[in-house]
1. Label-point separation (nm) for D243 and S313, each offset 7 Å from Cα along Cα-to-Cβ?
2. Over segment 269-314, what is the mean sequence separation of C-alpha contacts under 8 Å (at least six apart), divided by residue count, expressed as relative contact order in percent?
3. Per residue of segment 67-77, in order, report the coupling 6.51 cos²θ - 1.76 cosθ + 1.60 (Karplus, θ = phi - 60°) as ³J(HN,Hα) in whole Hz, putting x for Gly and Pro.
4. Could you sort the peptides 271-280, 74-83, 187-196, 243-252 by per-residue average Cβ neighbour count (10 Å cutoff), highest mean leading?
5. Within 10 Å, count the other beta carbons around each residue, average over each peptide in 24-37, 44-57, and list them highest first.
6. Using the crude model of +1 on Lys and Arg Cβ and -1 on Asp and Glu Cβ, and no other charge, please compute the dipole size for the chain relative to its Cα centre, in debye to 20.
7. Give the shape of segment 81-153 as rounded, prolate or oblate, defined through the alpha-carbon gyration tensor: a ≥ b ≥ c are the square roots of its eigenvalues, a/c under 1.5 means rounded, and otherwise the shape is prolate if a/b is larger than b/c and oblate if not.
8. What is the distance, in nm, between label points placed 7 Å from the Cα along the Cα-to-Cβ direction at N37 and at E105?
Amino acid sequence: MFRFLFVLLLSSCCFAQSSIASAEAFIAKKAFVSAENEMTSFLESNPNNLKAIELLGDAYSYQKKWDDAISQYQALTQKRPNNANYHYKYGGALGMKALTISKLEALTIIGDVKDAFLKAAQLDPKHIETRWALVELYVSLPGIVGGSFSKALDYAEQLEELSQVDGYLAKGYVYEYDDEPELAEKYYKLAIKVGGSVTCYEKLTNFYDRQNEPEKAINNIEEGQQKLQRNAMHYQIGKVCADYNIQLEKGEKCLKTYLSHHSSRDGVPKAWAYYRLAQIYKHKANTEEALKWINKAIADLPKIEKFKEFKASI
């Protein structure tokens, strides 16, 4: 009898592990509907499995089903109120929902978003993602509903204690949106000096882009490419050249290099490089080549409206 119960429990445990592993594999492959179906079915007979609830919430989040994700993450915070990551995910899903509804409606849930992030930060003094979320939240909110650059800087300081690179990037972000570009540039450059990652170079590039300084952006990416030898930076150079109609020969060469060395780790799909090449050829008044590359972009990603709009403009 005991042996039978032991075997039954063991087989049940193996089934749970197998189902969880399947859902994780589906998410890794971006098969989010399959992950959703796997966890929905599993939870029918295992309604209190926290990992399954979290994975179902994740599957919903990847599909931008924010109400469904909120429901799962909220359940987790109720079952394990002292788990910082559950509060962080709950706040994140609420925040993403706020971006999809009217500003008036969003005001009704902003307090819950902030409460969830603050709770996560309180529960885990080393939770980097939560502190980043609070930096972005306090920067993006108007002062009348709780926005505050000084509070954002407080969390940037906390980030710096946990990770110097994250702290510098966060300070750059705060100062940029507080209209202090010199300080923003200083901290973005410090992040590069300390971290030197692709992300650091991208943050400074995007800053220069927003400041309408494309030449500085290109110089920054080229410096990063020389140091890091990352193919993704070829795309970034091509993007700036295409967007600003500058250094078109360099942009064309970099985009074609990006395509010839492209792999899944580069992040940006080939279709976007095709689109940037179409932009460059349009700038060069080469309609035939522009149409050739935009057609390739549309063939790869037919649902991107921006590609279709660009084709119509040629």
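Coordinate-derived values only; no laboratory data. Keep in mind that what you see is a predicted model, and the values were worked out from it rather than measured. Note: ideal-geometry Cβ built from the backbone for every residue, glycine included; neighbour counts use all protein chains shown.
1. Between D243 and S313, the simple spin-label model gives 1.3 nm.
2. Worked out over segment 269-314, it gives 39 percent.
3. 4, 5, 5, 4, 4, 5, 5, 5, 4, 5, 5
4. 271-280, 187-196, 243-252, 74-83
5. Values: 24-37: 15.9, 44-57: 17.4.
Packing order, densest peptide first, comes out as 44-57, 24-37.
6. It works out to roughly 900 debye.
7. Since a/c reaches 1.5 but b/c is at least a/b, the shape of segment 81-153 is classed as oblate.
8. 2.9
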